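These notes concern the structure reproduced below.
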Amino acid sequence: MSENHTYVSSEEIIAKEEEIARLKEGNTAEIKRCERQIEQNMQALKRSGDQLKANLSAERSRMLSRVHRATDALVASLRYAGKNASVVQENINAVNSALLEASNTIERVVEEAKNKAGNAEQLYIEAVKMFTATELCASYQRFAGDMQASIRDRISKIKEKEVAPAAMQMMTTTIIADIYQMDILVAKRQADFDTRWAEATNLVETITAHCNSARSMNFAEVGDSTTEFLDINYWSGGKFNDLVAEIDDLRAKLTNGYNDPNYSTEELSGDLRRLQELNKAKDIIIAASRVAYNQSVMRESQALAAMDILVENHQFSLIGSGFEANDRRESYILRMRRHTDNAEIEVIVSPTPVENEFSMYFRLDTTTYADQSVLQSITRSLAKDFEDAGLRIDVNPHCVAEYLEPFYAANPTISDAARRLHNIPKQKSR
């Protein structure tokens, strides 16, 4: 019959910033759990670094001593990476400076190794010992696989006596120099990997904490357990659980990937970028779930306001009402009957693509409103009453009465015919 585009102040619908903040961080126990987990992750990083250092000889450790101190400071600062990025960057710069200094000492430490060994045979034994110490370390395999293969091949040639005795010392000296170069390369790439891994795992825990908090605090009045508890996944159309599932998958990938040499820095960087996207998506999903709930409340309120007008001004009484298919995210429908002549009217309040807009449709039955003049009279009367109540109705001058299907209060529906006639949007949940 007619359609009313009803506008509501966006302040009444759009989730407020403080409301979203309470949802994400209102559960203080969950936020503290997140902080403890981040601390444990950083401790695991330090233990891994300590284990790597333990595999190095005294000479290799001395050459990298400043690098190790700078790396320890970097790892310690990564637990606060999101809050103090400038400190993290200063520590990265310190690591790079220490690595440059270590590179400048390689020629000297190689010369010391030659003098200590005394002859080519002893130098070869030292080279094999140095290489074997880190050969199976995940970090060396991940960051220096090509160098390892080259060194392994040259050691094999010396072992199989494929190298002339005169060239043995020169090749062995080169091997030792390359091992020291490999140490520096691994230290540099490990620092970069650890920085990204820390940021990624911190994001995983932060997103998880915010999601768990939002789930537990999502009452009609945020944080007020005396009001209705809202299933945030339902109000987000299933997107919330999809987000949580992807975060859980990424957590497992990060945990297992740290000691997997096949988990590259490039793959880690891709996972970090995805987590940064999911961190933004989390805020959007949480806010959208509140908007969906607020819109649902407003649709029901609009319909009940229409019901009051029809009861008080037009002698209608309620047959039944409810959300389409009992889904609160859908249109609100009410069917009414006038006791004087059994005339029926149906009111549908439907969502629209516009966030703070609703469409209100009226359907009048053909039994009572077959006469066009009577139909126009009742539509004008309804429009005036709704306008007085603050609801503007744009009456369609070509509106017609229509057949009203039986109404089932236990499962309200909108027929395909009504949907086509009034151009009512399809169910969102389908």
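Taking amide H positions as modeled 1.01 Å from N, with prolines and chain starts lacking one, the residues under 5 Å from T366 and 5 or more places away or on another chain are E402, Y403, L404.
Computed from the C-beta positions of L304 and K32, the FRET efficiency with R₀ = 41 Å rounds to 0.45.
From the Kirkwood radius over Cα pairs of segment 224-312, Stokes-Einstein at 10 °C and 1.306 mPa s returns a whole-number translational diffusion coefficient of 98 µm²/s. Taking Cα extents along the principal axes in Å as calculated from this structure, the corresponding entry among (i) 117, 41, 31; (ii) 71, 58, 49; (iii) 131, 72, 40 is (i).
For segment 52-60, the Karplus equation 6.51 cos²θ - 1.76 cosθ + 1.60, evaluated at θ = phi - 60°, returns couplings of 5, 5, 5, 7, 8, 6, 4, 5, 5 Hz by residue, with Gly and Pro reported as x. The simple Förster model, with R0 at 60 Å and r as the Cβ-Cβ distance, assigns S86 and T367 a FRET efficiency of 0.20. Amide H to amide H, with H built 1.01 Å from N, F323 comes under 5 Å of I333, counting only residues 5 or more places away or on other chains.
Taking only Cα atoms, what is the 0 to 90° angle, nearest 10, from helix 165-217's long axis to the longest principal axis of the chain? So the helix axis and the longest Cα principal axis differ by about 20 degrees.
With 13 Å as the cut-off, how large is the P(r) tail for segment 172-224, expressed as percent of Cα-Cα pairs?
On the way: 990 of 1378 pairs.
That fraction is 72 percent.
Couplings 3J(HN,Hα) for segment 305-316, derived from phi with the Karplus relation 6.51 cos²θ - 1.76 cosθ + 1.60 (θ = phi - 60°), are 5, 4, 4, 4, 5, 5, 6, 6, 9, 10, 6, 8 Hz, where x marks Gly and Pro.
Placing a label point 7 Å from the Cα of A76 along the Cα-to-Cβ direction, the residues of segment 89-115 with a backbone N closer than 16 Å are 89-95.
Applying 1/(1 + (r/R0)^6) with R0 = 51 Å to the Cβ-Cβ distance of K280 and R47, what FRET efficiency is obtained, to the nearest 0.05?
Details: r = 32 Å, r/R0 = 0.63.
That pair, K280 with R47, gives E of 0.95.
Helix 239-257 and the longest principal axis of the Cα set of the chain meet at an angle near 10°. Determine the share of segment 181-327's accessible area contributed by carbon and sulfur atoms, expressed in whole percent, with a 1.4 angstrom probe. Its accessible area is 49 percent carbon and sulfur atoms.
Per residue, segment 282-371 exposes 36 Å² of accessible surface when a 1.4 Å probe is rolled over the protein heavy atoms with every protein chain present.
Calculate, in nm to one decimal, what Q141 and A21 gain on full extension: separation in residues at 0.36 nm each, minus their alpha carbon distance.
On the way: separation 120, 0.36 × 120 = 43.20 nm, distance 4.35 nm.
Extra length available between Q141 and A21 comes to 38.8 nm.
Given the pairs K114/K157; K280/K428; K24/K426; K16/K384; K129/K157; K46/K253, which span a C-alpha to C-alpha distance of over 25 angstrom in this model? The answer is K24/K426; K16/K384. Taking a quarter of the surface of the Cα convex hull of segment 244-367 gives a mean projected area of 10.7 nm². Site pair Q122 and Q40 shows an inter-label distance of 5.0 nm when each label is modelled 7 Å from Cα along Cα→Cβ.
Residue separation times 0.36 nm, minus the C-alpha to C-alpha distance between S264 and K157: what's the value?
On the way: separation 107, 0.36 × 107 = 38.52 nm, distance 3.00 nm.
Computed gain between S264 and K157 is 35.5 nm.
With θ taken as phi - 60° and the Karplus curve 6.51 cos²θ - 1.76 cosθ + 1.60 applied, the whole-hertz 3J(HN,Hα) list for segment 37-49 is 5, 4, 4, 5, 5, 5, 5, 5, 4, 5, 4, 5, x Hz, x standing for glycine and proline.
Around the amide H of A343, modelled in the peptide plane, lie the amide H atoms of R338, all under 5 Å away and 5 or more residues distant in sequence or on another chain.
The values are calculated or read from the model by the stated rules, or taken from the named source; none is laboratory data. These numbers come from a predicted model, not from an experiment. Please note: Cβ atoms are built from the backbone with ideal geometry, for glycine as well, and neighbour counts cover all protein chains shown. When the accessible area is computed, the model is the full protein with side chains, heavy atoms only, and any ligands, DNA or RNA have been set aside. Shrake-Rupley method; radii C 1.70, N 1.55, O 1.52, S 1.80 Å.
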